[in-house]
Every structure is written in C-alpha cells, then in structure tokens.
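**Student:** The structure follows.
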C-alpha cells in the first residue's frame with residue numbers, strides 16, 4: 001500500500017513539473033517574439049537618417065498646405081473679367097428683387113391704396129368717412145334750426161329746447177348714416193339696436209369732447225376756441241371709428 005501511494009505521488013509531482021516547464025516555455029516564446037518585433041522597429045528607424053526624417057515631415061506639411069490653398073477647377077477656368085461679370089449680375093438681380101413692386105399693388109389705383117390703408121386703421125373707406133362727415137355737418141344745421149324753430153316759433157323754453165334739438169339731430173344723423181353712409185354694409189343687428197348703440201356712442205363722444213377741451217384749455221393753456229375745435233375734431237373721429245366698427249359692423 002505504501003509503495004502504491006508513493007508511485008501516485010511521484011506521478012503527480014512529475015505532471016506538475018511538466019506543466020510548469022510548458023508554461024515557462026510559452027512565456028519565453030512570447031517574450032522572444034516581442035523582443036524581435038521591437039528590434040525590427042528599431043532597425044527601420046536606424047535605416048532612416050535624420051535628413052530623411054525631416055524630408056518626410058516637410059513633405060506631409062507641404063501636402064496639407066497645397067490642399068488648403070487649392071483653387072476649385074471651375075474658378076481657375078474663369079478669367080478676371082468673367083468673375084466681375086458674374087458678381088455684377090448677382091448684385092443686379094438682388095437690386096431688382098428688392099425694388100420690384102408686387103403685381104397686386106401695381107394693379108391698384110391710388111384711391112384703392114388709400115382705402116386699403118384706411119381699412120387697416122379702422123376707417124374702412126375714405127368715401128364712408130366723407131359721407132359720415134357730411135351727415136355730421138348736416139346734424140349741426142338741423143340741431144341749430146330745430147332749436148330756433150322750437151324757441152322762436154313754438155315758444156319752448158331755452159332750457160328745454162336744446163334737449164329736443166339734440167335728440168332730433170341724433171335721429172336724423174342715424175337715419176342718414178343707416179340709409180346712405182353705410183347702406184352697402186350687411187349688418188345683422190336690428191334697426192332699434194343700432195339706434196341705441198348710436199346714442200351710446202354719441203354720449204361717449206360728447207364726454208370725450210369735453211375732456212379734450214378741458215385738458216387743452218386748463219392744462220395746456222390753449223385758447224378756448226382752439227381747445228373746443230380740437231375736442232370737436234377728436235370726438236368726431238372717435239365717433240366715426242366706434243360707429244363704423246361697432247354700430248354698423250358688417251360686410252360690405
């Protein structure tokens with residue numbers, strides 16, 4: 001039994017020794033291969049002289065500079081005169097495009113352009129504004145004429161007559177504007193509703209007129225007549241804008 005155990009032990013030792021020798025042999029082989037590669041690289045560098053290394057570096061730099069400064073073939077084929085003509089043609093095209101008037105504007109007359117501008121400002125049409133102004137002047141005449149008629153011929157007190165004359169002029173202005181100034185507009189609201197809106201706008205415009213007069217006369221120290229005229233003009237424009245865009249708002 002002892003002899004058998006010794007034999008097994010000896011075989012294991014022998015296998016272990018053989019394995020170690022194989023590993024050492026493999027390590028030596030790998031090391032020698034790496035040494036040979038390093039020696040070959042060193043030999044290649046030794047074969048190149050210092051001048052050859054400089055020439056190789058300079059050649060690479062020259063190649064890069066040449067590529068960066070290379071002119072495209074299509075530009076080389078163009079003469080200086082051709083380049084100038086091409087640049088001038090591009091500039092002329094840009095100037096022409098910048099100064100070109102759209103075809104739709106060329107077809108519009110001066111009156112149509114004015115109507116477009118007024119529409120953007122809320123006036124819709126210069127004709128409507130002129131008609132509205134004429135109706136406003138007629139309202140002043142009707143107001144004054146009604147006042148004279150009521151006080152001189154009927155005998156109504158001067159304190160009461162202005163109320164009636166103002167209301168009469170408002171109604172006449174409304175009727176003229178509804179059936180003449182804005183007759184081409186397709187308004188969806190009813191006639192009585194528009195009459196009520198017209199009265200509201202008139203009251204607001206009257207307050208605005210007085211505020212403008214008060215500011216110009218008291219704070220800006222302007223002449224009372226001038227202040228009143230400025231208030232009347234400002235209130236008239238405001239009156240038209242509100243009525244045109246609210247009371248008679250609709251499609252033409």
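**Student:** Does residue 165 satisfy the condition of being assigned by TED's automatic domain parsing to the domain that holds residue 192, without any contact (Cβ under 8 Å) to a residue 40 or more places away in the chain and part of a helix (DSSP H, G or I)? Please lay out each step first, then the result.
**Tutor:** Details: assigned by TED's automatic domain parsing to the domain that holds residue 192: yes; without any contact (Cβ under 8 Å) to a residue 40 or more places away in the chain: yes; part of a helix (DSSP H, G or I): yes.
Considered against the rule, which asks whether it is assigned by TED's automatic domain parsing to the domain that holds residue 192, without any contact (Cβ under 8 Å) to a residue 40 or more places away in the chain and part of a helix (DSSP H, G or I), residue 165 comes out as yes.
**Student:** Then there is this: Answer yes or no: is there a residue in region 172-183 that is in the same structural domain as residue 133 (by TED's automatic domain parsing), touching a residue at least 60 places away in the same chain (Cβ under 8 Å) and assigned to a loop (DSSP other than H, G, I, E, B).
**Tutor:** Looking for residues that are in the same structural domain as residue 133 (by TED's automatic domain parsing), touching a residue at least 60 places away in the same chain (Cβ under 8 Å) and assigned to a loop (DSSP other than H, G, I, E, B), one finds at least one in region 172-183, hence yes.
**Student:** Okay, moving on. Count, please, the residues in region 215-236 that happen to be at pLDDT 90 or above, part of a helix (DSSP H, G or I) and either loosely packed, with under 13 Cβ neighbours inside 10 Å or not assigned by TED's automatic domain parsing to the domain that holds residue 139 (or both).
**Tutor:** Residues meeting the conditions: 2.
**Student:** Among the residues of region 216-252, what is the count of those that are free of Cβ contacts under 8 Å to residues at least 12 places away in the same chain and over 36 Å from the mean Cα position of the chain (by Cα)? Show your work before the answer.
**Tutor:** Residues of region 216-252 free of Cβ contacts under 8 Å to residues at least 12 places away in the same chain: 217-226, 229, 233, 237.
Keeping just the survivors that are over 36 Å from the mean Cα position of the chain (by Cα) gives 217-226, 229.
Qualifying residue count, region 216-252: 11.
**Student:** Quick check on this structure: which one of 172, 138 is within 14 Å of residue 236 (Cα to Cα) and more than 40 Å from the chain's Cα centre (by Cα)?
**Tutor:** On the way: 172 fails: within 14 Å of residue 236 (Cα to Cα).
138 is the lone residue from the list that is within 14 Å of residue 236 (Cα to Cα) and more than 40 Å from the chain's Cα centre (by Cα).
The values are calculated or read from the model by the stated rules, or taken from the named source; none is laboratory data. Computed from a prediction, not measured in an experiment: that's the story for all the values here. Ideal geometry is used to build each Cβ from the backbone, glycine not excepted, and the neighbour counts take in all protein chains shown.
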